[in-house]
Amino acid sequence: MSFDHRKYVAFKPVAKTDRRWPDKVIEKAPTWCAVDLRDGNQALVKPMSIAQKQRMFDLLVKLGFKEIEIGFPAASQPDFDFCRKLIEENRVPDDVKIQVLTQARPELIERTYEALKGAKRAIVHVYNSTSTVQREQVFGLDRAGIREIAVNGATLVRDIAARHPETEWTFQYSPESFTGTELDFAAEVIDSVTGVWRPDLGQPVIINLPATVEMATPNVFADQIEWICDRIQRREHLSISVHTHNDRGCGVAAAELAVMAGADRVEGTLMGNGERTGNMDLVTMAMNLYSQGIDPTLDLSGMAEITEVVEACTEISTHPRHPYAGELVFTAFSGSHQDAIRKCLSRRQEGDAWNVAYLPIDPFDVGRRYEEVVRINSQSGKGGVAYVLERDYNISLPRWLQIEFSKVVQREAETNGGEIDSLTIHRLFEDRYLKVPEDWALRSYDLHRDENGVRAEVSVGAVNGSIALEGYGLGAVEAVSDALKHRFGISIAVEAYDEFALGEGTNANALACIRLTANGQHCSAAALAEDTTSATLQALLSAVAQVAGAELPARSLEGQEVSA
Ligand code: KIV
Ligand code: ZN
């Protein structure tokens, strides 16, 4: 029995009776900090090259990040070199702060400041581990020993910064493995650190609370954040930041609830690359805000570029179902979804608030095309097929024909087993409904109306072998049906017919669709023509041809005039 849940102990919830965060609503975006170049980079099989780092940095700047953690320069020479490059080549915009991480160890802090020499603005991010398991099993230190590491680190950070007043410094402290730390102890360490840094006297300070490992449901993390915000000293002078990982798959949810619980700032990575199951996904969280009508303060409209750069820098491909960014996230294959989307999109007026079933945001906003929304496979239904014909070929089908044709498409999809593209759908429509056997081509028609109805004279057949037909009826269809009955003995009962004027951009001006029985057999056809009467009469002839055969019935020609 190796799969044994009894090996694990449930995380103890926070004993809290003054919980307020569940009633809070996020009304503005937090301050974002992208840690792709540090936490994200540390998790890669192949860490980023300098060129890849530069590409990622430039993207982050372009998206609007004002705080970017660029590395761990004291622990990695490439990170050190990249930091120097950014500073020496003046590549950091004036409104962007670069952030670097260091452990709270004197030699590492010294080296970190070397890396930052000459920076205009920088965040020095110092951390040490505070959790019970790390204290007891990794460091073998008690609470006082761990607190001392933090205080000594904070003191050195403060003192070295004071020697470099040319840089605008922000100090950041992380009680690493915060989620596994007793809350009273976390507060004690934080108070000790801010007692050194004195944000209340004007020093900008960030206290970053990491879910280094996500250990419980997001509500527990929110309780932890609210608890800390309520208890720590100098709260109003601090920026409280959260840094969630995704071990339980709730990194974004935990960060969102943490913001409701009082966090001002959120660290994460684009698309969530990071240690183990990843960091909090900045794209998802920012887009979640966007979808609620909140300015995310980041420009994520070029989602294709974002995924391209992230993939190129991390060498990790984007999951097709990745929220907002995946190839398939705005695509509906299911018939009922397609139908609902088609109806909502067609009702939508310019300027309306977005309210489209199955699409939480307008795909267009992130650079996606409506063409991708409805894709057809064997799961799709009439709505989707009709939508594709309308969208790509300006062909609107009546409901009865949508139902009929979707079965044709479904059969094809079942046979080929995959997706049916728009071109194939059109070809299937042409083959099944629009094909006109030469013998049944309408060459010309003449309608004479009087008080009794219509007399139709039509010419049908190949250019050099058409025949003339004549019939009577209340309308054109009835008159031509009458002609076919007398000439070929085919009795026709029309069950449904519809005609549509076509929009601009097509050669034909009209589409007609007809369903009938000819000699008791069901058939249906459609036709495109310059005018609605031609389209209707051709659809009638094409439908009859399906029952009578591609060639005109032999007896029809006996004794008849055939024009050359
Ligand atoms: O996950 C974590 O705890 C970290 C810290 C160093 C902030 O990445
Ligand atoms: Zn982390």
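We did not get these values from a lab; they are worked out from the coordinates using the rules stated. All values reported here derive from a predicted model rather than from experimental measurement. Neighbour counts are summed over all protein chains in view; Cβ atoms, including those assigned to glycine, are modelled from backbone coordinates with ideal geometry.
Remark: relative contact order (the chain) = 9 percent; criterion is Cα-Cα distance under 8 angstrom and separation of 6 or more residues. Here's the picture: a label point sits 7 Å out from the Cα of residue 138 along the beta-carbon direction, and within the range 176-207 the residues with their amide nitrogen under 18 Å of it are 176-183, 185-187, 189-190. Comparing Cα centroids, the range 364-435 and the range 163-187 end up 57 angstrom apart.
Ordering 436, 266, 283 by the number of other Cβ atoms within 10 Å of each residue's own Cβ, fewest first, gives 436, 266, 283. Peptides 46-57, 70-81, 89-100 ranked from most to least packed by the mean count of surrounding Cβ atoms within 10 Å: 70-81, 46-57, 89-100.
Expressed in Å, the radius of gyration and Dmax of the Cα atoms of the range 181-312 are 15.8, 46.
Report note on the peptides 154-161, 507-514: ranked by the mean count of other C-beta atoms within 10 Å, highest first, their order is 507-514, 154-161.
Using the structure shown, list the pairs from 62/117; 53/117; 16/66; 28/97 with a Cα-Cα distance above 29 Å, or answer none. Violating the 29 Å Cα-Cα cut-off are 16/66.
Restricting the range 398-506 to GluC sites (Glu not before Pro) that sit in a DSSP loop and have at most 14 other Cβ atoms within 10 Å of their own Cβ leaves 419, 451, 504. With the cut-off at under 18 Å, measuring from each backbone N in the range 84-127 to a point 7 Å along the Cα-to-Cβ line of residue 201 picks out no residue. The DSSP beta bridges internal to the chain are antiparallel in roughly 50% of cases.
Distance distribution P(r), the range 38-166, all Cα-Cα pairs, bin width 10 angstrom from 0: 12, 40, 32, 15, 2 percent. Looking at the range 131-236, the GluC sites (Glu not before Pro) that sit in a DSSP loop and have at most 14 other Cβ atoms within 10 Å of their own Cβ are 166, 182. Stokes-Einstein diffusion of the chain at 20 °C, 1.002 mPa s viscosity, Kirkwood radius from Cα pairs, rounded to a whole number: 75 µm²/s. Based on the Kirkwood radius over alpha-carbon pairs, what value in µm²/s does the Stokes-Einstein equation return for the translational diffusion coefficient of the range 108-188 at 25 °C and 0.890 mPa s? It diffuses with D of about 180 µm²/s by this estimate. By the compact-protein rule of thumb, 2.2 N^0.38 Å, the alpha-carbon radius of gyration of the range 1-62 corresponds to a ratio of 1.95. Determine Rg/Rh for the range 286-378; Rg is computed over alpha-carbon atoms and Rh is the Kirkwood hydrodynamic estimate from the same atoms. Result for the range 286-378 is an Rg/Rh of 0.99. For the peptides 255-261, 346-352, the ranking by packing is 255-261, 346-352, with the highest mean count of neighbouring Cβ atoms within 10 Å listed first.
Tilt of helix 303-314 relative to the longest C-alpha principal axis of the chain, in degrees (0 to 90, nearest 10)? With rounding to tens, the tilt is 50 degrees.
Most simply put, the range 49-158 has about 0% antiparallel DSSP beta bridges, counting only bridges with both residues inside it.
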